[in-house]
Amino acid sequence: MSVLILLVALVAFAVLGALYFTSAPPAQIVSLIRYAGPIALGFAGIILSLAGRFVVGGPLIMMAIGWYGRQRRRGRLGGMTGQKSTVRSVWLEMELDHDTGDMDGMILAGQFEGRRLNDLGEGDLRVLAADLKDDRESAELLEAYLDRRMPGWRDDADADAGPRHAGPHDTGAMTHEEAYKILGLEPGASAVEVRKAHRRLMQRVHPDLGGNAFLAQRVNEARDFLLRDHTD
């Protein structure tokens, strides 16, 4: 009898699942697939327990709870992937991929306006560098990009290009929108999320790890700005 009850319940569960899959948004379907295993296992444990077979059903329920907890932790970790940071200056809107460290940017002014850095050849990039040499923020963003795409570009630069920018400088007042974009977070992120994003980004942009001092400064500023919201 208990086996019959279990089979009927599983069939009902399958029918309800099929109806849900035909109407649910894709994001919810992905989430359900992640938790389908522990949910099914827990459901079977409940049915067996109600049928008087608690010796079997009880352990199944405990296994389902443990499995569900592991899936939730994996989901939170997976949510940190695919993030991008955005830093904007007068000339450039630069994007940094948290996972790969790759950079690309949209040119906002000048003769290359509307084009992406990845679409420019080395000659055009050198012309762009000359165009924005008087805008310190834009120049440092481009230098960070060139360091990744053309590691030897500094050695080939003209001898009369002048000294490179060094040391921190005033980047102006930061807004919440800008800070969230720099850290690649959604508005309202928690202090824990801010610190995690900061640590993850600093592994990409810290000068001691082959990054760029200007980007590291902006990441630090964004973290400090947002963490002030979480202090009493």
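Readers should treat all values here as calculations from the given coordinates under stated rules, not as data from a laboratory. Note that this is a predicted model, so its numbers are computed, not measured. Counting neighbours? That spans all protein chains shown, and the Cβs are built from the backbone with ideal geometry, glycine included.
Below, the figures for the structure above:
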| item | result |
| --- | --- |
| Label-point separation in nm, R228 to D155, each point 7 Å along Cα→Cβ | 4.3 nm |
| Whole-Hz couplings from phi, Karplus 6.51/-1.76/1.60, listed for the stretch 185-191; x for Gly and Pro | 10, 7, x, x, 4, 6, 4 |
| Inter-probe distance in nm under a simple model that places probes 7 Å from Cα toward Cβ, at D119 and V192 | 4.2 nm |
| Net length gained if the chain between K84 and E177 were fully extended (0.36 nm per residue, minus Cα distance) | 32.1 nm |
| Extension gain from R136 to L50, taking 0.36 nm per residue of separation minus the Cα-Cα distance | 23.9 nm |
| Partner aspartates and glutamates for K133 [C-alpha distance under 18 Å; skip if fewer than 8 residues away on the same chain] | E93, E113, E122, D124, E143, D147, D155, D156, D158, D160, D170 |
| All lysines inside 29 Å of K196 as judged from Cα atoms, apart from same-chain residues fewer than 8 positions distant | K84, K181 |
| Relative contact order of the stretch 182-232, defined on C-alpha pairs under 8 angstrom at six or more residues apart (%) | 39 percent |
